[in-house]
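Remarks on the structure that follows.
The values are calculated or read from the model by the stated rules, or taken from the named source; none is laboratory data. Just so you know, these numbers come straight off a predicted model, no measurement behind them. Neighbour counts run over all protein chains shown; Cβ positions are idealised from the backbone, glycine included. To get the accessible areas, we keep the full protein, side chains included, count just its heavy atoms, and leave off ligands, DNA and RNA. Shrake-Rupley method; radii C 1.70, N 1.55, O 1.52, S 1.80 Å.
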Amino acid sequence: MCPRQSSPHGAMSPGTNGKTPVATYVRRSTDRQEQSLEDQRREILRYADEQGFEIVAEFVDDGVSGTSGETRKGFLSMLAAAESPDCAWHTILTWDIKRFGRMTSDEVGFYRWRFQQAGVEIVYTSEGFTGSSADKFLRFFKQEAARDESVTLSKAVVRGLVSLSDEGWWAGGQAPYGFDLGYYDSTGKLFQIVRRTDDGEKVILDPDGKLIRTVPRGLKIKASRSEHVRLLPSLPVRVKVIRRIFDLYTRSPGLGCRAIAVRLNREGVISAKGKGWGLSSIRAMLLNDAYVGRLVWNRRAMGKFHRIADRREVERDGCGRRRLEWNSPEDWLIHEEAHEPLIDRVTFDRARRLLKERGNQRTATGFLTGKARSSRYLLSGLVRCGDCGGAMHGRTTWKSKRRKDGTRISTSYYVCGTSIMKGKRFCQPILFLQEPMDGFVMEIVANRIATLLGRTGRATLRRLIEKELGAQGHDPRPEMKRLKARLAEIAKKVDSVVDLAADSPENRDLLNERLGRLRRERQEAEGRLRELEAIPVGTIKADDVVDSILEGLAEARRLFDEGTTVERKRLVRAFVENLTVAGSKRCGEIRLKKLPALESLSAGSSVESLAGVRYDVQQNGRRGKPELVLITFTTRGTALVPAKAAGRARRAPAKWAAAGA
């Protein structure tokens with residue numbers, strides 16, 4: 001959240017009596033703390049008046065957890081303002097340590113150091129720090145206690161969610177399409193219904209369906225601790241859509257998810273998010289147990305500190321950051337007959353069985369829609385639609401009549417996947433013949449190979465390789481130096497914590513946990529240092545790399561005529577980053593790599609470039625994006641003509657044809 005002047009809050013208007021300018025930071029974790037922000041502002045203003053400060057800027061994080069700094073926009077905005085050269089204040093007032101953040105003492109120390117480097121002091125107005133040397137010890141203990149509160153609360157939340165699931169209550173999240181959220185009080189009486197509208201807003205209704213109020217899009221509605229939520233059937237028209245989807249899939253021969261999505265879009269049926277129906281949304285509905293009254297929870301874990309395993313909370317490794325982790329089916333929490341079903345069990349089970357059977361067909365060898373395990377489309381995954389941005393798919397059409405030898409007549413195309421998945425309403429299905437389009441790209445690749453094998457090719461490759469090696473930063477010594485400095489810093493922290501443990505036996509458990517984190521960090525740093533020490537320095541010679549690439553380029557010529565589909569795909573991807581084709585404008589772009597791709601094969605440093613040629617490049621740090629050459633093309637009749645070619649690629653046109661929708 002960006003900084004804002006305090007004028008919207010009348011009590012925080014800046015003074016004009018030559019007082020010291022300061023900024024303030026206020027935060028609350030949830031919107032249930034209705035008075036929290038105003039309480040903080042009032043107490044901070046009182047402190048500022050007593051100390052002779054003038055508040056000139058305010059930074060706010062409303063409804064944001066304080067367990068991490070990098071997820072708080074207001075906090076990061078405050079840091080950026082402090083580090084700017086024209087910052088007008090050098091003090092930040094915040095209510096207490098918890099409002100500044102429930103981060104680990106390490107993370108807090110990192111941010112406090114950055115503020116100190118910018119000449120900005122953090123003042124906790126309610127903590128009573130006196131400026132003595134004891135303040136740093138008190139701050140450390142209070143910071144760890146604040147963090148521990150979050151961890152303890154996480155355990156309680158997990159236990160509460162397990163209890164809700166056992167009783168069939170909705171554990172949280174957006175209601176599936178066709179359902180509303182019914183809120184029940186502590187006596188089990190329904191007192192309000194929350195329904196999502198077609199434009200993304202939420203309406204709150206009384207039990208009789210009368211409107212109470214409207215909640216703007218983006219705002220959340222949370223139940224109090226004494227309230228519970230259950231799924232209720234939504235509007236009859238939405239329930240009818242759900243039942244129709246299941247009926248079309250289970251009773252209409254050959255009508256699949258894509259065909260159902262296209263039909264609903266063509267009829268103008270509003271989807272759950274208002275962005276149109278797609279194959280994935282239809283498939284998700286057919287697999288959602290909620291439609292038969294069954295709640296399945298804990299399929300995945302996203303908690304910062306804990307996950308559920310064997311029906312109890314289990315600590316997660318990490319630094320208190322949210323990350324997705326899929327749970328095994330044994331840990332799922334399932335409650336039957338949790339709410340009124342919209343689909344009968346027989347229909348639901350039949351839909352799930354058909355999904356599995358049709359999915360098996362699509363992964364079988366010889367499936368004739370271009371979705372076999374090894375696609376025969378050379379540019380599959382490289383081409384995108386220039387009209388809508390969707391991926392282009394390979395597609396084959398078949399004629400009813402056969403050749404004299406009895407084989408069927410087929411034609412292969414590239415077509416926009418969005419038009420296939422969602423219909424013409426979202427993008428026009430303009431077909432591009434596969435063979436001439438593949439040939440045009442292969443011709444460009446051949447021209448590039450000819451250039452690199454030509455008279456000036458070696459010098460060009462050497463220049464590009466030297467630039468590539470320099471970008472990779474293959475010398476491990478700078479990182480080794482940083483790791484050694486970090487290990488020395490960790491050693492000092494360990495000594496400090498040991499001394500604190502000796503002086504404060506009552507806090508020994510907390511300090512032992514701190515020591516454990518430091519030891520783990522030290523082990524990781526030592527392991528990385530050993531890896532770097534094993535890397536030889538200065539072993540790469542650009543000429544050796546150039547020789548290997550030239551051998552691969554010579555071998556690549558054979559792949560044009562004799563290579564397998566997989567080899568030809570690798571050859572194209574070594575040179576081509578991606579393609580964009582705009583069917584409506586009859587033009588497109590090809591992004592060609594100046595240097596053939598150096599794709600990592602393993603965790604070591606073995607790198608492959610074209611046709612199996614390998615050489616060693618020590619990679620410490622992420623390599624930058626490849627340097628590209630942009631080639632634009634247009635159509636002139638049935639010819640694809642490069643409009644702007646770079647390097648030495650020849651402008652030889654390639655024939656093609658395109659069929660309209």
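Tabulated data for the structure shown
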quantity: Calculated FRET efficiency for the pair Asp543/Val641, C-beta based, R₀ 35 Å, to 0.05; calculated: 0.35
quantity: Karplus-derived HN-Hα couplings along region 459-464 (A = 6.51, B = -1.76, C = 1.60, θ = phi - 60°), whole Hz, x at Gly and Pro; calculated: 5, 5, 5, 4, 4, 5
quantity: Per DSSP, loop trypsin sites (Lys or Arg not before Pro) in region 212-244 with at most 14 further Cβ within 10 Å; calculated: Arg217, Lys220, Lys222, Arg225
quantity: Restricting region 392-471 to trypsin sites (Lys or Arg not before Pro) in coil, as DSSP defines it, with at most 15 other Cβ within 10 Å; calculated: Arg403, Lys404, Lys424, Arg425, Arg455
quantity: Given Lys136/Lys492; Lys155/Lys273; Lys73/Lys155, the pairs whose alpha carbons are separated by over 25 Å; calculated: Lys155/Lys273; Lys73/Lys155
quantity: Amide hydrogen neighbours beyond the local backbone of Ile221, cut-off 5 Å, H modeled; calculated: none
quantity: Hydrodynamic radius of region 234-283 per Kirkwood, over alpha carbon pairs, in Å; calculated: 11.0 Å
quantity: Under the Karplus curve 6.51 cos²θ - 1.76 cosθ + 1.60, θ = phi - 60°, whole-Hz ³J(HN,Hα) for region 291-298, x wherever Gly or Pro sits; calculated: 6, 10, x, 9, 9, 10, 10, 6
quantity: Compactness relative to 2.2 N^0.38 Å, alpha carbon Rg of region 19-95; calculated: 1.11
quantity: For Gln192, distant residues with modelled amide H under 5 Å away; calculated: Tyr183
quantity: Listed residues Ser150, Ser496 arranged by accessible area, highest first, probe 1.4 Å; calculated: Ser496, Ser150
quantity: HN-Hα J in Hz across region 92-97 - Karplus 6.51, -1.76, 1.60, θ = phi - 60°, x for Gly and Pro; calculated: 10, 9, 9, 5, 7, 4
quantity: With all protein chains modelled, accessible area of Leu164 [1.4 Å, Å²]; calculated: 40 Å²
quantity: Distance (nanometres) between label positions extended 7 Å along Cα→Cβ at Glu267 and Lys73; calculated: 3.9 nm
quantity: Kirkwood-type radius of region 120-179, with distances r between different C-alpha atoms, in Å; calculated: 15.4 Å
quantity: Where only alpha carbons of region 374-438 are counted, the Rg and the Dmax (Å); calculated: 13.4, 42
quantity: Cα centroid separation, region 281-302 to region 391-418 (Å); calculated: 36 Å
quantity: Centroid-to-centroid separation of region 195-267 and region 64-122 [C-alpha atoms, Å]; calculated: 42 Å
quantity: Point-to-point label distance, Ala156-Ala554, nm (Cα→Cβ direction, 7 Å offset); calculated: 7.4 nm
quantity: Taking the convex hull of Cα positions in region 117-249, its mean projected area over all directions (nm²); calculated: 14.7 nm²
quantity: Accessible surface of Cys587 - all protein chains present, 1.4 Å probe, nearest 10 Å²; calculated: 40 Å²
quantity: Accessible area in the full protein assembly, largest first, 1.4 Å probe, for Thr564, Thr396; calculated: Thr564, Thr396
quantity: Surface accessible to a 1.4 Å probe, Ile212 within the full protein complex, Å²; calculated: 100 Å²
